[in-house]
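The values are calculated or read from the model by the stated rules, or taken from the named source; none is laboratory data. Owing to the predicted nature of the structure, the values given are computational and were not obtained by experimental measurement. Because the Cβ atoms are built from the backbone with ideal geometry, glycine has one as well, and the counts that use them run over all protein chains shown. Heavy atoms of the whole protein, side chains included, go into the accessibility calculation; ligands, DNA and RNA do not. Shrake-Rupley method; radii C 1.70, N 1.55, O 1.52, S 1.80 Å.
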Amino acid sequence: MLLFLLLFVPFAEPSASQSSNYSVFPEKIALRDPWDSQKILVFKVKDGLATQFPSDVQLQVEPAGLAAIEGGIVRPRRNGSGKVNVRLGSWSTSVPLEVSNLDSRHVPDFLDQVEPVITGLGCNSGACHGALAGKGGLKLSLRAYDPLSDHQAIVYQMLGRRVDRHEASKSLLIQKALGEIRHGGGKRLEKGSTEHELLLAWITGGAPLRPSEQSNFQGIEIFPPVARLERGQASQSVVMAKSRDGTYRDVTRLAKFSSANESVCGVGPDGGVTAIANGESAISAWFNNMVAVNRVQVPYAKGAVTQTPYQFKPATWIDEIFLNRWRELNIIPSAGISDDEFLRRLWIDCLGTLPSSEILAEHRADQAPGKRERWIERALSSDSFVDYWTYKWSDLFLIRTGRLQQSAVWAFNSSIRSAVRENWGWDRLTRSMLTANGSTLQNGLGNFFGIHRDPAELAESVAVTFMGQSIGCAKCHNHPMDKWTQDQYWGFANIFGRIGLKAGQTDGELVVCPLPLGDVPHLRTAKPVLPAPLDGSVLDASAGADRRVLFIHWLLAKDNKFFARTQVNRLWRHFFARGLVEPDDDMRQTNPSMLEPILARLAQEFQTAGHDNRAIMRLILKSSAYQLSSRPSSNNETEELFFSRYHPRRLQAEVLLDAYSQITRVPTAFESITPGGGNGTTRYAGYPLGIRAIQLPDAAVSSPFLDVFGRPERLQACSCERSSETGIGQVLQIANGQLLNEKITKPNNIVDHWIKSHMTDPDLVTSLFRSALARDPNTEEMKSFLGRLNGAKAGMKREILEDCLWALLTSNEFLLNH
Amino acid sequence: MDMIRLQTPRGKLGSGGWNRRTVIEFGGLAALGLHANGAEATDGDRNGILLFLVGAPSHIDTFDPKPAAPAEIRGPFKPISTRVPGMQISEILPRTASQSDKFSIIRSVYHTAAAVHDTGHQLMQTGRSFSGGIEHPHLGCVLSHLKGPREGAPGHVLLPKPIGKTGGNQPHGQSAGYLGRANDPFVLNADPGQASFKVPDLQTPDHLDSIRIERRRNLRQSIDAHLANYEKSPAAKQISESFGQAIKLMESKSTREAFDLGLESGSVRDRYGRTRFGQSCLLARRLVERGVRFVTVNMFETVFDEVTWDIHGSRPFTDIAEMARLVAPSFDQAYSALLEDLHQRGMLSKTLVAAMGEFGRTPKINPAGGRDHHPGVWSILLAGSSIQPGRVVGESDELGFAPKTRHANPQEVMATMYKALGVPIHHELSGPQGRPMPITDHSVQPIHELF
């Protein structure tokens, strides 16, 4: 990227009063073969960012005849040196131009030039010849991931009819693409275009394939790296591919573009971006299995930031990054939350528990300095923390009766619980789990293999859980939307091909032992693929090596691109309701984060801190960004990507149920288990009355309430299994359903306690609000509630209090973590 | 106009009988022409029922037989005649064949997106792919949004559950997306095929009379009223909307009765088939009868845990023979019953009935005796409303591989359905950040051969 920094040389006019600060990209042009071209960009530079891309730029080649210019693109005509004169109004500059290799019999390279053309024209897309079975008898690899077999197919199959080396224009490949012969895919190629010329030249040159299969390209870059536009404005992009010898080539025409946030920016097939609404989007360019990302910002109303006092005070480096980004986009963050609000939010997010009136009172009485930090520490070291996070990781590792028996469920749960209580590093937990051996009752973590017995399924689960990758599609064919091939999938699955599972001696016990032999056959070829972690190098498959150990070594390596990022993203998502990458199991290259600097540094600090989950939580909780109110500021109501306010989300099912139990003082009985799979419901006496929902080890515990409120079934490793939607079904449950109504009416519950306490009515109302909402009622609310209580006839008090309690426990405020 | 006394289901009346609100609503219902026995609203609007055949039926084995093709393509079934001369369908759907005077087939539907289930779910229910973070709305939600729900009934109901993961991402296109939560479908989340089926928790508890219910609601409102600051958040809005809709649902005798399958005769229930899909189709008819504008029936929720149309042949999927034995009959019975029933009640002319899967299946039978995903071409069935029945529109080629004539992409199918629903197809909805989103793109036209 250093190259591009050097290009930001604003062309300053002598007169300081005007700011016609234009720049041109690139700073020099080298066209090295007949099919090379270079798109020229002219843009204004402001605050170091590219903005305004005028369309009326005049370009002229000197000497004329050296090259031709059309639509802002320079194409070579004869060898030599010269320059391109650039003029826009009164501003002008020139760009040196070199043209070479035009008359040498330069044959296009199959890997780096022909394949990109084939991909760019869409020939090898999943809908056409890149389909699993190909089309019309021609099968190419999806988006050219296998050039060797593509070359075979094009040149040698079908008795070599596809290419005619003596008369290239008669090649089937050319004629079909031009639409001269009936072609199911229609006309894909323009006669006389650069692509047409390139294909002809390659065929005429003998349709060769370079012996070394490695691409000369190292990577691609999009220019400009950041653009700032106003609504309705357009910008352009140039994609440059860097070769190993350090030279660059313009590949914009053959790249594929997508916008991560289409409601903010749309991108056309030529890389032209249109700013539609305020916000920011990441534009991905894909070329020859390489990806690059740039950003387009569309700031909110200019000047808004300076209009109101900017109250945000950064407490951590996360806040500094946010502050800069908000300034760039003119987003005004919301104000900070009050102490009461902070307590409730902290308790729910950290402990899955609502603060009781006693805790609320204690928190209010605490006036010593450093209050919030101390209460954060208190939360992180409490017993409820252990309960809640054991539950969360049980969601992740799919602990439920069904594939595991009861004893195994308890064993697994208890191992996780120990790990959380002792604050194991995430790397230690992962390593212990994935290399577990022996009895799964003694080493509970080994039950991970009891849940996923099929190596392919195990591989998919590991990929989602520890690498944030969804690879399932690649089981049967190359992944249609990501870069994983079927071979890579089965190479990955083969890592888990030597895990032996034997029945143990007691019920539910399994014994995990690594096997010395064994491989997982590829679904299509029936031959095993050398074990490799997706795009990592092949693991040493020599006998005696436990492949899982080698895999762990790769996964936990300092330069591993997946492990730390996946976990910190997951933690972030928990607290902010939206990941730095969304969704959290889709961390592919073409789904970039809008806040990559935060993600990258969080991952790094996570590693440095020994993969300590609590350290990252502490950092997040301390940040001012986490402590922002959910009330919108004057301009951030529609902004959703940059965390300028807290986004209210419904309480999770288990948290809600526990809150109801806690406040009414009526525990929920868990008395049966529904394992699923048509096995009905069995009574189970192992849960003592008073156990909280977040303490349950098993997602199969019967509870219609939890099901309606979106408890995940723990059948698939996907955070999408848990639902936080609220529809009519959930409302009916709390309005008419048995569960809440029984708790409210039960004798000797909180209502009776209040009645027996002979509190005054105002105190009653205050107690109601404090226990349910962790705050005091305001004047209007007090009036409304008092009004009902005052008018009460004797004997009606209980009924009215019940209704008051119901109203509070079903209010929006209660149901939301805000 | 007679005021019909509204009684709570157990006949208990609190003092006052029923609350003021219900009386007004009920008077209003009568004024709209909705009778207490729930006859269909006479407002001239068209309703819709979408039967989504999750898993994707093989077109060659169902609606587009290829008797002249080689054995490894035509499969084990023969075509049979229908009531329409020249229209033949597979022998495994005899009852459907007997109702061919009510539906038309489009045999040239195709799409060019990835051949995974969830893209088909998105494309066929919204006309668009999910990309760049934009959630496009389901057509039922668009209809509900544009016309508004009819009094007392949800605008769009989804039976019995949303489509879950089918091997890719969680399918989009099942909700109201950028139109807002208020237009999301009411999801039943229960199995109408069960003998014990009822909408969970639809009735208020016995111990709460109307005074208490009123008090609860008013107290609850008084809490909400003063915290409008985060009320605009999507989560809060969703809760508020759901409360509003739940109340309407609870108070609408007509809609409550719609969900009560016990009110339907045993013979009618048998005619549809006592399966989850059969009873869902029956429920769909009842709901439309009582004012619901659009009902989506998902035949399956996932392709993994049950036998569906997704006949890859190898475990855990079934093959062609098992599909004919286990899946096709329940469709055949329920679909034919639905068309016949709607027709006999005079509802078919006002109700669009669409049946479709998310793609077709590979013409060449695979080594496991099944067929794989094939969005290259497939068939869908449209019936009712202004769709002219008994027509076959478009053809696939001799091998059932690609469209041969009259190609029909998902947007064109969507435009056709919208036209039959009386929705202007190029109308612009208000999308994210107010961006105008045409219902279908401006170059797209409905398939005129069906009208």
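Using Stokes-Einstein with the Kirkwood hydrodynamic radius over Cα pairs, what translational diffusion coefficient do you get for the stretch B:40-179 at 10 °C and a viscosity of 1.306 mPa s, in µm²/s rounded to a whole number? It comes out at roughly 89 µm²/s. Other protein chain C-beta atoms within 10 Å of residue C-beta, averaged over B:112-125: 2. Note on the stretch A:778-818: Rg/Rh from C-alpha atoms, Kirkwood Rh, equals 1.05. Pairwise Cα separations in the stretch A:609-758 fall into 10 Å bins from 0 onward with the following percentages, short to long: 9, 26, 31, 23, 10, 1.
Histogrammed with a bin width of 10 Å, the alpha carbon distances of chain B distribute as 4, 21, 31, 25, 13, 5, 2, 0 percent, first bin at zero. The packing ranking of peptides A:527-536, A:241-250, B:358-367, A:284-293, highest mean first, is B:358-367, A:284-293, A:527-536, A:241-250, where packing means the average number of other beta carbon atoms within 10 angstrom of each residue.
Mind checking A:804-817 for the average number of partner chain beta-carbons within 10 Å of each residue's beta-carbon? Provide the component values of the computation, followed by the final result.
Values: counts 5, 2, 7, 10, 3, 1, 7, 9, 14, 8, 3, 4, 8, 1.
That works out to 6 on average.
Over chain A, one equal point on each Cα, no solvent: what is log10 I(q)/I(0) by the Debye formula at q = 0.05, 0.11 Å⁻¹? Normalising to I(0) and taking log10 leaves -0.36, -1.31. The apolar share of the surface of chain A, taken as the fraction of accessible area on carbon and sulfur atoms (1.4 Å probe, ligands and nucleic acids excluded), comes to 51 percent. Dimensions of the stretch A:664-729 from C-alpha coordinates, computed as largest minus smallest value along each principal axis and given longest first, are 32, 30, 21 Å. Once the Cα atoms of helix A:339-351 and of chain A are each reduced to a long axis, what angle between those two axes, in degrees from 0 to 90 to the nearest 10, is obtained? The answer is roughly 80 degrees. Highest average first, the peptides A:124-135, A:686-697 ordered by how many other beta carbon atoms sit within 10 Å of their residues are A:124-135, A:686-697. What a 1.4 Å probe finds exposed on chain B is 51% carbon and sulfur by accessible area, rounded to a whole percent. Pairs of Cα atoms in the stretch A:165-267 fall into 10 Å distance bins, from 0 up to the last occupied one, in shares of 12, 28, 30, 23, 7, 0 percent.
Protection proxy ranking of A:505-517, A:642-654, A:551-563, by the mean of other Cβ atoms within 10 Å over each peptide's residues and highest first, is A:642-654, A:551-563, A:505-517.
In Å² (nearest 100), what accessible area is buried between B and A, both sides summed, heavy protein atoms only, 1.4 Å probe? Intermediate results must be reported in sequence, preceding the final value.
On the way: alone 19440 and 35780 Å², together 50060 Å².
Heavy-atom accessible area buried at this interface is about 5200 Å².
Measuring spread by the Cα atoms of the stretch B:107-251 yields a radius of gyration and Dmax of 18.5, 59 Å. Three semi-axes describe the equivalent ellipsoid of the stretch A:744-818; taken as square roots of 5 times the Cα gyration tensor eigenvalues and ordered largest first, they are 19, 15, 11 Å.
Among the listed pairs A:Lys46/A:Lys242; A:Lys187/A:Lys256; A:Lys139/A:Lys561; A:Lys139/A:Lys483, give every one whose C-alpha distance is greater than 24 Å. Could the numbers behind the result be given before it?
Values: A:Lys46/A:Lys242 27 Å; A:Lys187/A:Lys256 19 Å; A:Lys139/A:Lys561 33 Å; A:Lys139/A:Lys483 18 Å.
Violating the 24 Å limit, Cα to Cα: A:Lys46/A:Lys242; A:Lys139/A:Lys561.
For the stretch A:164-220, the relative contact order works out to 32 percent when only alpha carbon pairs closer than 8 Å and six or more residues apart are counted. Its relative contact order, with pairs defined as Cα atoms under 8 Å and 6+ residues apart, puts chain B at 27 percent. Each pair of Cα atoms in the stretch B:284-339 enters the Kirkwood radius, and Stokes-Einstein at 10 °C and 1.306 mPa s then converts it into a translational diffusion coefficient of 123 µm²/s. Once the gyration tensor of the Cα atoms in the stretch A:210-297 is diagonalised, the equivalent ellipsoid follows with semi-axes of 28, 11, 10 Å, ordered largest first.
Peptide B:202-210 has a mean shielding of 3, counted as Cβ atoms of other protein chains within 10 Å of each residue's Cβ.
Modelled spin labels at A:Ser258 and A:Asn289, positioned 7 Å past Cα toward Cβ, are 1.8 nm from each other.
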